[in-house]
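The values are calculated or read from the model by the stated rules, or taken from the named source; none is laboratory data. Nothing here was measured: the structure is a model prediction, and the numbers come from that model. Positions of Cβ are backbone-derived with ideal geometry, glycine not excepted, and every protein chain shown enters the neighbour counts.
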Amino acid sequence: MDKKTLRKADLVMSLVLILFAAFVFIMSLKLMNRTLNLKNEDYAVWYRSAGLIPMIVSILLAISAGSLFTTAWKEGARFDFFTKEKVKHFFTCREFRVAGFVIGWLAIYIFVLLGPIEDLIYNILYAIPNIHWMIPFYIPYILMTFIYLFVFIIVFSDKTKKRDWIMAALIALVVSFLVAYLFGDVAMIILP
Amino acid sequence: MLQNLSVFFQQIIEIFSNPGLTLVLLGATALGVIMGALPGLTATMGIALLTGLTYNVPLEFTFAILMGIYVGGIYGGSISAILLNIPGTASAAATALDGHKLALRGYAERTIKVTRLASIVGTFLGVMALTLVSPLMTKIALQFTSPEFFMLAFFGVMICGSVVSEDLTIKGWIAGLLGLTLAFIRYDDVEGVARFSFGISQLQSGIGVIPAMIGFYAVPEVIKAFVRDAKYSVVQADENEKPVGFVKVTLIKILNIFRVKKVEARYKDAFAEQRFVFKTVFSQLRLIVQSALIGLGLGALPGVGEDVAAWVSYDTARKTSKNKEKYGTGIYEGTVAPEVGNNAAIGGATIPLLTLGIPGSPPAAVLLGALMLHNIRPGPRIEIENPGFIAMMAALIFCAIIALWVVGMILAKPMTRVLKVPTKYLMPIIAILSVVGGYSLSMSSFDLIIIFIFGIIGYIFDKMKYSAAPIILGLILGRMFDFRFRQTIITNNGSMLPFITRPISLVFFVIILWTIISQIVKGVKASKEAIEE
């Protein structure tokens, strides 16, 4: 990000930070009121309150954000960047697409693959009578991790090459097994 | 003092005359290095995991394993910090500032060697302090009360904010303040009320440092790696450098006996490489002594530990250096200072642990549990109840240093090869390891949500040139910052005077004030220059 764009971003960020600081301040004020309204007078003192330090920090944060706003403004930043072209460019640039995929796929891995789908596979596998005892408990984890890795690798590989598909599958499989074995079996860490 | 030293050397001889113990120490140190290098797996976690397994293990073997993990883990964090810009442990975050820049220039293996030697020197000085001056160190540490701890926490966040900011200093401070705010999300220690948890029960125990750290560092690095893929040049640069080691030269010479076409390998080159590493580290003698003293002092303070020691060492090194403007651009000085500091803190943290029963750092806190498990009661009577135990611990740390040297020699090259793995394979694996590492500490799915949310915030902050380091340090120190402040004014009925009437606290106060004023003046000047341009 060049300096000019960075300062424009700072302008927006400083406003977000001021709003955040205001929110923390209000929440701290509530905690302070709670303390001051305690029935036991020994405890109803301002300096015991759980809201005291967050209140001070929120004020410092607001001052710092204000200073950032002033600096950005003095250096020529203005709110003139919300044009249709610039917004379109932002959402179509390579970095945004990469970030969108990495974050989105990570979200699917954490919240879907390691969540309901892993549970579903676990329930299906262990519902099979007489053989559930021979299925290692981390098979669902291996499957989900394999899917995550395979898709992740293949997205950034040359999809026209057969070799890349084989390599992606091989690496995804080996890494999934290794992680499950080393963490689950050797280190005895419970897998997600 | 001399008697302590003689017992210490006696213990070293005993350890090395037991091949089983030596092998266990070597294995534990290697495991510690690997654990430290993996994002999310820290020295604290390594010690915690293995403590339970040592229940039936003899005392000297138990502590050989645990001290090996401790020493290896603290050093290991710097490897991933240098190679991937993802600190394996929070204490290695300062090393990443210059270490990764050096790796990008093609000096990854050499930087790993330099930080290894710096770690060894730091740990050695810590051990010497543990052996020789532990009673004195304990006395100094006991001078720290609430006002000093509050000032130290404030000082840590402020200096970290000033040091790491790539853009405006105010951004470093904002990051530090945000870190502190995040640390306030938890059950309050003083009033016993849930604070900023919004009814989410998991938030009542606070935001975990490790999941937050993984989110802030790992996710942005994965994205950045794919964005810069086309022009990423670490591999090529590293290959041009080709540092050689004695082990490799010996191996090549042995293989040459069987080869028709001999491969060139000279001990002279290996010697030159080692000489460079030694010269780089030992030419910074003032820096080493300064960082070791900082590490020892901060390590000896209860609850402060290696993370803060590394940052304070880095900042002090920068402020006192002739090349202060080069810090953060990739200089060896910038990697030596935090590594000496955080490793010296190992010895420092062990001093109050053994002599007072108060752990100086999170790994030392877990070690306290291990001591209890083996019926050792740390405290002023430790030398009466378990004569020679402090010397044994010091000797084990010393032997772990030697093990670290050996392990480091073996692992430096293979670890550097990480950079040669194509991004499309390496980064998805890093993402997987981060998820497992973040989950493994408390085995809570909530930590995965933390990794995800902080990953997004971390990426936005990274784009806007806010460093993650002050946020993480704020998160670590926030509890101490809040609790110690209120403890001071509660015990003084609302008076804030102790912050400036106690000498150590006053010193910190003056330094903080000076840091703020000097940075504001500098910022105003820079802003004026920018407007004129």
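(1) farther than 30 Å from A:Ala172 by Cβ; (2) touching a residue at least 24 places away in the same chain (Cβ under 8 Å); (3) not basic (Lys, Arg): which one isn't true of B:Glu385, the others all being true?
Single failed check for B:Glu385: (2).
Those residues that are farther than 14 Å from B:Leu298 by Cβ, surrounded by fewer than 23 Cβ atoms within 10 Å (Cβ to Cβ) and either among the polar types (S, T, N, Q) or modelled with pLDDT of 90 or more (or both), I need them from the stretch B:135-148; list them, please.
Of everything in the stretch B:135-148, those that are farther than 14 Å from B:Leu298 by Cβ, surrounded by fewer than 23 Cβ atoms within 10 Å (Cβ to Cβ) and either among the polar types (S, T, N, Q) or modelled with pLDDT of 90 or more (or both) turn out to be B:Thr138, B:Thr145, B:Ser146.
Taking the criterion of being surrounded by 13 or more Cβ atoms within 10 Å (Cβ to Cβ) and among the hydroxyl-bearing types (Ser, Thr, Tyr), would at least one residue in the stretch A:75-83 satisfy it?
Taking every residue of the stretch A:75-83 in turn, none turns out to be surrounded by 13 or more Cβ atoms within 10 Å (Cβ to Cβ) and among the hydroxyl-bearing types (Ser, Thr, Tyr).
Since A:Lys88 meets every condition but one in (1) under 30 Å from B:Glu221 (Cβ atoms); (2) surrounded by 11 or more Cβ atoms within 10 Å (Cβ to Cβ), which condition does it not meet?
(2)
Taking the stretch B:498-533 on its own, how many of its residues are under 23 Å from B:Leu152 (Cα atoms) and of a type in the set (A, V, I, L, M)?
Residues meeting the conditions: 11.
Does any residue of the stretch A:71-86 turn out to be closer than 20 Å to B:Lys424 by Cβ and touching a helix residue (DSSP H, G or I) at 6+ places or on another chain (Cβ under 7 Å)?
no
With the requirement that a residue be in a helix (DSSP H, G or I) and small (Gly, Ala, Ser), what does the stretch B:364-398 give you?
Residues satisfying the conditions are B:Ala364, B:Ala365, B:Gly369, B:Ala370, B:Ala391, B:Ala394, B:Ala395.
Considering only residues that are aliphatic (A, V, I, L, M) and at the interface with chain B (Cβ under 7 Å from one of its Cβ atoms), which ones fall in the stretch A:55-65?
A:Val57, A:Leu60, A:Leu61, A:Ala65
Consider B:Asn493 against the criteria (1) within 26 Å of B:Thr181 (Cβ to Cβ); (2) loosely packed, with under 12 Cβ neighbours inside 10 Å; (3) polar (S, T, N, Q): it satisfies all of them except one. Which criterion is unmet?
With (1) within 26 Å of B:Thr181 (Cβ to Cβ); (2) loosely packed, with under 12 Cβ neighbours inside 10 Å; (3) polar (S, T, N, Q) applied to B:Asn493, the lone miss is (1).
Would you point out the residue of the stretch B:477-516, among those that are away from chain A (no Cβ under 13 Å) and of a type in the set (Ser, Thr, Tyr), that is farthest from B:Gly206 (Cα to Cα)?
Going through the qualifying residues, I end up with B:Thr501.
Tell me the residue from B:Val436, B:Val406 that is farther than 25 Å from B:Ala310 by Cα, touching a Leu at 6+ places or on another chain (Cβ under 8 Å) and in a helix (DSSP H, G or I), please.
Every option except B:Val436 fails the conditions.
Output the qualifying pairs, or none if there are none: Cβ atoms under 8 angstrom, residues six or more apart or on different chains, first residue in the stretch B:498-523 and within 30 Å of A:Thr71 (Cβ to Cβ), second residue among the polar types (S, T, N, Q) and surrounded by 18 or more Cβ atoms within 10 Å (Cβ to Cβ).
Hits for this filter: B:Phe499/B:Thr488; B:Phe499/B:Ser505; B:Thr515/B:Ser162; B:Gln519/B:Ser162; B:Gln519/B:Thr169; B:Lys522/B:Thr169; B:Gly523/A:Thr71; B:Gly523/B:Thr169.
Name the residue that is nearest to the chain's Cα centre (by Cα), counting only residues in the stretch A:25-54 that are facing another protein chain (nearest Cβ under 10 Å) and of a type in the set (A, V, I, L, M).
Filtering first and then ranking leaves A:Met27.
Specify which of the listed residues (A:Val102, A:Val186, A:Val175) is more than 7 Å from chain B (Cβ to nearest Cβ) and either within 30 Å of B:Ile34 (Cα to Cα) or hydroxyl-bearing (Ser, Thr, Tyr) (or both).
So the residue among A:Val102, A:Val186, A:Val175 that is more than 7 Å from chain B (Cβ to nearest Cβ) and either within 30 Å of B:Ile34 (Cα to Cα) or hydroxyl-bearing (Ser, Thr, Tyr) (or both) is A:Val186.
Select, from B:Gly523, B:Gly438, B:Gly474, the only residue that is over 30 Å from A:Ala77 (Cα atoms), small (Gly, Ala, Ser) and within 10 Å of chain A (Cβ to nearest Cβ).
Sole residue among the options that is over 30 Å from A:Ala77 (Cα atoms), small (Gly, Ala, Ser) and within 10 Å of chain A (Cβ to nearest Cβ): B:Gly438.
Part of a helix (DSSP H, G or I) and within 11 Å of chain B (Cβ to nearest Cβ) - does that describe any residue in the stretch A:78-95?
Yes; the residues of the stretch A:78-95 include at least one that is part of a helix (DSSP H, G or I) and within 11 Å of chain B (Cβ to nearest Cβ).
Each row is one residue, and each column tells you yes or no for (1) without any contact (Cβ under 8 Å) to a residue 12 or more places away in the chain; (2) facing chain B (nearest Cβ under 8 Å); (3) not acidic (Asp, Glu).
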| residue | (1), (2), (3) |
| --- | --- |
| A:Val112 | yes, no, yes |
| A:Trp133 | yes, no, yes |
| A:Tyr141 | no, no, yes |
| A:Leu149 | no, yes, yes |
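Out of (1) modelled with pLDDT of 70 or more; (2) within 14 Å of another protein chain (Cβ to nearest Cβ), what's the single condition that is false for B:Ala230?
(1)
Under the condition of being more than 22 Å from B:Ile489 (Cα to Cα) and polar (S, T, N, Q), which residue from the stretch B:133-186 is farthest from the other protein chains (Cβ to nearest Cβ)?
B:Ser134
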